[in-house]
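Colleague: Here you go, one structure.
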Amino acid sequence: MRFVRHVLLATTLAAVGSLAVAAPASAALPSSGAWPVCAAPADRHCVESAVVRDGDGGASDASATLEVRSDEDQTVSWTAVGDDPPAGRYELVLRLGSYLPYYVDATAAGFRATYRADNDGDVTLTITGSPVTTWRGDLCAGQGYWCVTGFADPAKSGTRFAGEFWAVDHWSGGADPETLLEYIGSDAAYSSIGSEAADGHWELLGFGNPDFGPDRRPLRSTLSTAIPERYFTDRGTTGADAVAAGLDVVAVRWEWGAGEVEAPVPATAEALPGGVAIDVPDLVHGYYAVRVYPRPSTFQPGSGVPGVPTAVTVTGAHDRTTVSWAPPESTGGLPITRYVARIYGAAAGGPAYDECWTGADGTTCDLDATRPTATSYVHVSAVTAYGEGMPATALPVAGRRVAGGVRNLVVVARSGQATVTWAPPADPGTSPITAYRVFRIDDSRNECVTGPATRTCTIRGLTTGRTYPFSVYAVTADGWGIITGLSTTVAGPPGTPRAVSARPTGAKIRAAWAPPASDYGSRVTRYHATVWTAAKGGSPVASCTAPASRRTCTTRAIAGKRAYWIAITAVNGVGVSAPSTRVRVTVR
């Protein structure tokens, strides 16, 4: 959160002009590391008090629960240590010396941040709020309206009460009453400082959360924020007058097919010294901005997310499941914008395998039910600008599995063709295997198809020495099975031996050579030298053989006082190479 917030803060300080407080060049905290509990009235940069209050008004010390520290980047942070901090409303009072925060960013519910300065310029910051459940996931957190559906990860989520602020200014005034600071408290994965938009409304950008909890229920969010008094005075009014006239708080989300959608949300506004405190107890999931307009609220009491769709049915046909429904009994006070259906591999938890959606008048859509589980579960929800409603009770649908991958795949490729063999899959799926398909990944047109009982086939038209990727899968009524692949090089006879030479050794001939440039996918096993009576044609009169590790051999004795010609061939597991060019040698 810190990195995102600092970037947004720097951007906003540059953008909001007269609303920004410039940071002096020497604004560095005089201490770093953990803050102690204040031991004397003159102590600074310490915790004056930390308490947690229960619902009955009782209070207990929380100094061991709340950890406060400052960092070299001029931030001060606090956090309730542990995975599950005690419930209640926390109140943390910090002595900041002469430093005044511009903005406070918190993960909390019902959050407030106020300060008071005395005649000596010493600032006391009071932070109040409650722990909140924060949902995090790998997909979509902070991605705003361009995000696809995201699901929270229980391992990355939890209950937190934490936050930070940046000490950007020295207090230079005299005594000041308790005054509201600009702050934001939320359970969102990301949040940002507010600023005045071009048309005059106050806007907070950069929110993001997963759309759904681990139980696949649509997540809701909370927000507490403060609009500084200078925003209202720049508009020729006061925070108190603006609250009396009315403020309209809306959440902004992106709806496929409709674009940007604003949804009025329930909110309370309270005018305090320094600005207006805004509390929003319920925000739509998937929102990426919150706007506050200087006008009476357009939220209708009793409005909320739509009810669950009714008369939901599912029917399956091989790899497709058709979902049908009727509208919910209640739309929550806003018109339905679309319906969405999802299919899961378990009754609770886990990501959706597939989803489909329709417009406001839709009553049916199709889902892919081909999954490696015996039973899948379908949910249907209605959506309005206020968010997605709770899904109808999950309906099971008989899962259909495609065949698993074939086993023991072997490819023997030589002489321009490849023979592929395999064993049937360990899991044939939910329907009988009707065929197998073998194909080249680089050219799917070069394939062969066999019946269910045949588990070998040959692909032709290949180039010797080239490597080809082959794939095999079983076919059933439910679709393609899991693809199994293997790459191999098409073997051929080796290339021609090179650098052939020969010399007489008495009545014998000793031949020498270098190996061929390529063995074409099959290792050379031996070499063979043949002595001929002519440069072309003629008759063989002698020969010798050498293993692959040697590069010379010597023939038997032959008649002398004449010329002979010798050629060398290489042999591998596929065949014999073309002979080398014959080399002349004279036996004396």
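Colleague: Look at segment 340-351 and say how many of its residues are modelled with pLDDT under 90 and buried (at least 19 other Cβ atoms within 10 Å of the Cβ). Give the steps one after another, and end with the answer.
Modeller: First, pick out the residues of segment 340-351 that are modelled with pLDDT under 90: 342-351.
If we keep only those that are buried (at least 19 other Cβ atoms within 10 Å of the Cβ) too, we end up with 342-344.
Residues meeting the conditions: 3.
Colleague: Ok, one more. What number of residues in segment 232-245 are in a helix (DSSP H, G or I), among the β-branched types (Val, Ile, Thr) and either at pLDDT 95 or above or open to solvent by less than 40 Å² (accessible area, probe 1.4 Å) (or both)? Outline the logic, then answer.
Modeller: Step one: filter segment 232-245 for residues in a helix (DSSP H, G or I), giving 232-233, 239-245.
Those still in the list that are among the β-branched types (Val, Ile, Thr) too: 233, 243.
Going one step further and asking which of them are either at pLDDT 95 or above or open to solvent by less than 40 Å² (accessible area, probe 1.4 Å) (or both), we end up with 243.
Looking only at that region, the number is 1.
Colleague: Then there is this: Of the residues in segment 529-547, how many are open to solvent by less than 30 Å² (accessible area, probe 1.4 Å) and outside any strand (DSSP E or B)? Spell out how you get there, then give the answer.
Modeller: Our first condition is that a residue be open to solvent by less than 30 Å² (accessible area, probe 1.4 Å); within segment 529-547, this holds for 529-531, 534, 542, 544, 546.
Subset that is outside any strand (DSSP E or B): 534.
Qualifying residue count for the region: 1.
Colleague: Then there's this: Hey, can you tell me all the residues within segment 449-479 that are among the basic types (Lys, Arg), part of a strand (DSSP E or B) and surrounded by 12 or more Cβ atoms within 10 Å (Cβ to Cβ)? Even if it seems obvious, please write down each step before you answer.
Modeller: Pass one, segment 449-479, residues among the basic types (Lys, Arg): 455, 460, 466.
When the remaining residues are screened for being part of a strand (DSSP E or B), the result is 460.
Result: no residue meets the conditions.
Colleague: Mind telling me which of the residues ARG550, ARG510, ARG526 ends up being basic (Lys, Arg), closer than 30 Å to VAL412 by Cα, part of a strand (DSSP E or B) and free of Cβ contacts under 8 Å to residues at least 60 places away in the same chain? Walk me through it before giving the result.
Modeller: On the way: ARG550 fails: part of a strand (DSSP E or B); ARG510 fails: closer than 30 Å to VAL412 by Cα.
The match here is ARG526.
Colleague: Being at pLDDT 90 or above, part of a strand (DSSP E or B) and open to solvent by 70 Å² or more (accessible area, probe 1.4 Å) is true for just one of ARG69, ARG112. Which residue is that? Step through it out loud before you land on a result.
Modeller: On the way: ARG112 fails: open to solvent by 70 Å² or more (accessible area, probe 1.4 Å).
After ruling out the rest, the residue left standing is ARG69.
Colleague: Right, something else. Yes or no: segment 490-510 includes at least one residue that is open to solvent by 50 Å² or more (accessible area, probe 1.4 Å) and among the aliphatic types (A, V, I, L, M).
Modeller: The answer is yes; a qualifying residue exists.
Colleague: A follow-up question, please. When only residues in segment 266-293 that are part of a loop (DSSP other than H, G, I, E, B) and modelled with pLDDT of 90 or more count, which is farthest from GLU229 (Cα to Cα)?
Modeller: Start the filter on segment 266-293 by keeping residues that are part of a loop (DSSP other than H, G, I, E, B), which leaves 266-267, 273-274, 284-286.
With the extra rule that they be modelled with pLDDT of 90 or more, the set shrinks to 266-267, 273-274.
Numbers: PRO266: 22, ALA267: 19, PRO273: 8, GLY274: 5 Å.
So, considering only residues that are part of a loop (DSSP other than H, G, I, E, B) and modelled with pLDDT of 90 or more, the one farthest from GLU229 (Cα to Cα) is PRO266.
Colleague: Of all residues in segment 246-259, which are modelled with pLDDT under 85 and surrounded by fewer than 21 Cβ atoms within 10 Å (Cβ to Cβ)?
Modeller: First, pick out the residues of segment 246-259 that are modelled with pLDDT under 85: 253-259.
Across segment 246-259, the qualifying residues are TRP254, GLU255, TRP256, GLY257, ALA258, GLY259.
The values are calculated or read from the model by the stated rules, or taken from the named source; none is laboratory data. Since this is a predicted model, take the numbers as computed values, not measurements. In this analysis, Cβ positions are derived from the backbone assuming ideal geometry, glycine residues included, and neighbour counts consider all displayed protein chains. With ligands, DNA and RNA removed, areas are computed over all heavy atoms of the protein, side chains included. Shrake-Rupley method; radii C 1.70, N 1.55, O 1.52, S 1.80 Å.
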